[in-house]
Amino acid sequence: MTKTNNIDILKKLLIFSVVMFGFGYALVPIYKKFCEVTGIYELERPDAVSKNIEVDNTRLINLQLDANVRSLPWKFRPLQSYIRLHPGKLTEVMYEISNESEEPQVGQAIPSYSPKNLERYLKKVECFCFSQQELNGKEVKQLPVRFLIDPEMPDDIHTATISYTFFKVKAN
Amino acid sequence: MAVIQDVHGHTHDHPTGIMRWLTTTNHKDIGTLYLCFSLAMLFVGGFLAMGIRAELFMPGIQILEPEVFNSFTTLHGLIMVFGAVMPAWVGFANWQIPLMIGAPDMAFARLNNWSFWLLPIAALLLITSFFVPGGAAAGGWTFYPPLSTQGGIGTDMMLFAIHIFGMSSIMGSINIITTILNMRAPGMTLMKMPMFVWSWLITAYLLVLVMPVLAGAVTMVITDRNFGTSFFNAAGGGDPVMFQHIFWFFGHPEVYIMILPAFGVISEVIATFSRKPLFGYTSMVYAIAAIALLSCFVWAHHMFTVGMPVTGQLFFMYATMLIAVPTGVKVFNWTATMWRGSMTFETPMLFAIGFIVLFVIGGFSGVVCAIVPVDVQVQDTYYVIAHFHYVLVSGALFALFAGAYYWLPKWTGHMYSETLGKWHFWLSMIFFNVAFFVQHFLGLAGMPRRIPDYALQFADFNMISSIGAFGFGLTQLLFVYIVIKCVRGGEKAADKTWEGATTLEWTHLPSPAPYHSFETPPVVK
């Protein structure tokens, strides 16, 4: 019941609080790692495509292409606004980005799919979204996405949308 | 049994007037400050609730613009959680823990003073944020990004206020843990401690475990807003869903932080008015510990709809349902305590029984929400609102009332008005159910939460709910009147006010408890 005894507990609990504050921050890399290991978060990695996927010529999917830009002086558009394709067929679509400003800029495209769970069936082997894109002043680039749609995709999906949004990446 | 009768035997040289309260290090003074503060916050948060219910009285926008309505729901939640319920429990801890374990005061008296005086500053930040350009934070009390990384200065004030509330809570819990571990009277072993003290020991450990994690999340939002980091900003490689994981890692234990001390109070009150020892003391202690432990592994049940693998959903669903087991142990033990007891139904007992009945309803709707496919349906609907108001209003708040009526005679030396107390209970009980029971139906029918307008089909139930809410709000003014009346005077309370009470504050101290108590520790056999 002495005073020092109280101070000892105080110190231990304070250290514990600081450690837990650090743990809050440690959750950030843990979360990233967890998502990587479980495959939830693999925006920048090509999908593994099995060699023996067969093209399903009986189905035709309407695929709408969408493009957006956030906080960048860029123009970004798909060359076709939609395509029709058979599941299983390797397809390439082109997007165009152009830097409207005079300064070089770096951007990163983040995909978004509709309907929900489309990412399970959309297999991308090549995409401009796998890496950051750098554009010099007034530069225009055409960039491909190569992908196929898994024939396993549920039959009730006839129309799907792939959307990309370019976000500004701060120059280091 | 040496009763300390020496009420005025000390030479008090502490300041008077406002300085007495600003500089006090006495656990009873600080407890009173906490309780008064939380009561004031209950009315601020209640005013916001009245605004919400007034707007929802009829379909259409009548009183509050949608932006203001959003601020009302956001600040109602924050003020009730951080301003009303949590400080109220710390107030009870300050008053009761030293009295119940036979300690002269809290372990760190000066720290205790600081932890309290941080609170009004935080509250002031929250309340004044309504009057800054852009208004108060409006993204919900859970302040999810991206809404919380946008918004004006009001959001910054809210984030800063949460930081201050958090610091206060951490200091308070360190104080409570040290007091309980180090300052018990001789013979008061851990397993002889009153259940309220046990519940607070475990709550305080939960607080030091998760409050710093919330502080981390708040700091990340602040740096995302003001210093260009991208923890939750997709554009910079961050992830807004990660915020929800970190927030609920704090947020779920937080709901048990608000309810575990309630379990403690209910255990004291039920045993006292049944005139029997608490049934299954040891299992009660283990049940509280089990609930606290499990509460750290269920956070993602708040996020079933944000997207997670089925394995994750199943894990969090089963873990959540598992909490019903120790909670059930507690409910059955309370019931068994009442079984064949010589029960009397004074106001504290009424609130305690009301607590058990309504908390069980809230607990069951919680199990319903834990079922993933059902949760996908009821997520963000009024069903969830009904669920957590059953466990927080008729749970935490009813237990606070039970505790207040139970200990008011010890604190003030006067009996409260039993007639008015019973009126308070029955009006609260009726109006609470009128306000919240119908919200189950609204939620199942699909009415979303946090929206100022609704489809016509929801009109009748919303009107009923609003009438109940207005009645419930007005009834609480009666509580203020009862407390003031009791402080000012009334029938002299006996030292052992309640026949069945067994804890030290009743058996060893006069009523009112003297300013300095247990300077010579009592011996517990």
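With respect to the conditions (1) away from chain A (no Cβ under 14 Å); (2) out of contact with any Leu (no Cβ under 9 Å at 6 or more places or on another chain), B:Met308 lacks only one, and its number is (1).
Counting the residues of region B:242-257 that are farther than 18 Å from A:Gln108 by Cβ, within 9 Å of chain A (Cβ to nearest Cβ) and more than 21 Å from the chain's Cα centre (by Cα) gives 2. From the list B:Tyr454, B:Tyr515, the lone residue that is in a loop (DSSP other than H, G, I, E, B), in contact (Cβ under 8 Å) with a residue 60 or more places away in the chain and within 30 Å of B:Ala185 (Cα to Cα) is B:Tyr515. Residues in region B:160-176 that are among the β-branched types (Val, Ile, Thr) and in contact with a Leu (Cβ under 6 Å, 6 or more places away or on another chain) were compared, and the one that is nearest to the other protein chains (Cβ to nearest Cβ) is B:Ile174. In summary, A:Val28 fulfils each of the numbered conditions (1) within 14 Å of chain B (Cβ to nearest Cβ); (2) surrounded by 14 or more Cβ atoms within 10 Å (Cβ to Cβ); (3) within 30 Å of A:Glu152 (Cβ to Cβ); (4) not aromatic (Phe, Trp, Tyr) with the single exception of condition (3). Restricting attention to region A:124-172 and to residues that are outside any strand (DSSP E or B) and among the β-branched types (Val, Ile, Thr), the residue that is nearest to the other protein chains (Cβ to nearest Cβ) turns out to be A:Val169. Tell me which residues, restricted to region B:178-201, are farther than 18 Å from A:Leu10 by Cβ and surrounded by fewer than 22 Cβ atoms within 10 Å (Cβ to Cβ). B:Ala185, B:Pro186, B:Gly187, B:Thr189, B:Leu190, B:Met191, B:Lys192 - these are the residues of region B:178-201 that are farther than 18 Å from A:Leu10 by Cβ and surrounded by fewer than 22 Cβ atoms within 10 Å (Cβ to Cβ).
Conditions tested, residue by residue: (1) at negative phi; (2) of a type in the set (A, V, I, L, M, F, W, C).
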site: A:Asn5; (1), (2): yes, no
site: A:Lys32; (1), (2): yes, no
site: A:Val37; (1), (2): yes, yes
site: A:Ser71; (1), (2): no, no
site: A:Val93; (1), (2): yes, yes
site: A:Pro111; (1), (2): yes, no
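Restrict the check to region B:196-204 and report whether at least one residue is closer than 23 Å to B:Val265 by Cα and either within 11 Å of chain A (Cβ to nearest Cβ) or charged (D, E, K, R) (or both). Among the residues of region B:196-204, at least one is closer than 23 Å to B:Val265 by Cα and either within 11 Å of chain A (Cβ to nearest Cβ) or charged (D, E, K, R) (or both), which makes the answer yes. Residues in region B:312-338 that are more than 19 Å from B:Leu358 (Cα to Cα) and of a type outside the set (Ser, Thr, Tyr): B:Gly312, B:Gln313, B:Leu314, B:Phe315, B:Phe316, B:Met317, B:Ala319, B:Leu322.
All conditions but one from (1) touching a Ser or Thr at 6+ places or on another chain (Cβ under 7 Å); (2) surrounded by fewer than 15 Cβ atoms within 10 Å (Cβ to Cβ) apply to A:Asp156; the one that does not is (1). Is there a residue being under 25 Å from B:Thr381 (Cα atoms), in contact (Cβ under 8 Å) with a residue 60 or more places away in the chain and away from chain A (no Cβ under 14 Å) anywhere in region B:277-289? The answer is no; no qualifying residue exists.
Within region B:358-387, residues that are more than 18 Å from B:Ser465 (Cα to Cα) reach partners that are in a helix (DSSP H, G or I) and of a type in the set (D, E, K, R) with beta carbons closer than 6 Å, at six or more positions or on different chains, in the pairs B:Cys369/B:Asp375. Across region B:214-241, the number of residues qualifying as free of Cβ contacts under 8 Å to residues at least 40 places away in the same chain, facing chain A (nearest Cβ under 10 Å) and assigned to a loop (DSSP other than H, G, I, E, B) comes to 6. Take the conditions under 19 Å from the mean Cα position of the chain (by Cα), assigned to a helix (DSSP H, G or I), within 8 Å of chain A (Cβ to nearest Cβ) and crowded, with 24+ Cβ neighbours inside 10 Å and apply them to B:Leu260. Does it pass? No.
In summary, strands (runs of 3 or more DSSP E) completely within region A:7-103 and bearing 2 or more residues that are of a type in the set (S, T, N, Q) occur at A:61-70, A:91-99. Number of residues in region A:35-56 that are modelled with pLDDT of 85 or more and either within 7 Å of chain B (Cβ to nearest Cβ) or out of contact with any Pro (no Cβ under 9 Å at 6 or more places or on another chain) (or both): the value is 0. Is it the case, given these coordinates, that B:Pro348 is at pLDDT below 95 and either in a helix (DSSP H, G or I) or of a type in the set (Ser, Thr, Tyr) (or both)? So B:Pro348 does not fit the description; no.
Each row is one residue, and each column tells you yes or no for (1) in contact (Cβ under 8 Å) with a residue 40 or more places away in the chain; (2) under 23 Å from the mean Cα position of the chain (by Cα).
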| site | (1), (2) |
| --- | --- |
| B:Pro146 | yes, no |
| B:Gln150 | no, no |
| B:Thr155 | yes, no |
| B:Met158 | yes, yes |
| B:Ser173 | no, yes |
| B:Arg184 | yes, no |
| B:Gly187 | yes, no |
| B:Met195 | yes, yes |
| B:Ile202 | yes, yes |
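Checking each residue in region B:106-125 for being aromatic (Phe, Trp, Tyr) and more than 12 Å from B:Pro87 (Cα to Cα) picks out B:Phe108, B:Trp114.
Within region B:180-209, the set of residues being under 26 Å from B:Gly251 (Cα atoms) and of a type outside the set (A, V, I, L, M, F, W, C) comprises B:Ser199, B:Thr203, B:Tyr205. Only a single criterion out of (1) in contact (Cβ under 8 Å) with a residue 40 or more places away in the chain; (2) in contact with a Ser or Thr (Cβ under 7 Å, 6 or more places away or on another chain); (3) within 12 Å of another protein chain (Cβ to nearest Cβ); (4) farther than 29 Å from A:Phe166 by Cα is not satisfied by B:Val208, namely (1).
Restricting attention to region B:362-383, the residues being in contact with a helix residue (DSSP H, G or I) (Cβ under 7 Å, 6 or more places away or on another chain), surrounded by fewer than 20 Cβ atoms within 10 Å (Cβ to Cβ) and of a type in the set (A, V, I, L, M, F, W, C) number 6.
Among the listed residues B:Trp89, B:Trp117, B:Trp95, which satisfies the condition of being away from every other protein chain (no Cβ under 14 Å) and surrounded by fewer than 22 Cβ atoms within 10 Å (Cβ to Cβ)? The conditions single out B:Trp117. Selection of region A:129-146 for residues being at pLDDT 90 or above and either in contact with a Cys (Cβ under 7 Å, 6 or more places away or on another chain) or aromatic (Phe, Trp, Tyr) (or both) yields only A:Val145. Out of B:Tyr405, B:Tyr416, one residue alone is surrounded by 20 or more Cβ atoms within 10 Å (Cβ to Cβ) and assigned to a loop (DSSP other than H, G, I, E, B). It is B:Tyr416. Taking (1) more than 21 Å from B:Val384 (Cα to Cα); (2) free of Cβ contacts under 8 Å to residues at least 40 places away in the same chain; (3) within 23 Å of the chain's Cα centre (by Cα) in turn, B:Thr272 satisfies each apart from (2). Yes or no: region B:92-114 includes at least one residue that is part of a helix (DSSP H, G or I) and more than 30 Å from B:Pro186 (Cα to Cα). The answer is no; no qualifying residue exists.
The values are calculated or read from the model by the stated rules, or taken from the named source; none is laboratory data. Small disclaimer: the values here were computed from a predicted structure and weren't measured. Backbone-built Cβ (ideal geometry, glycine too); neighbour counts: all protein chains shown.
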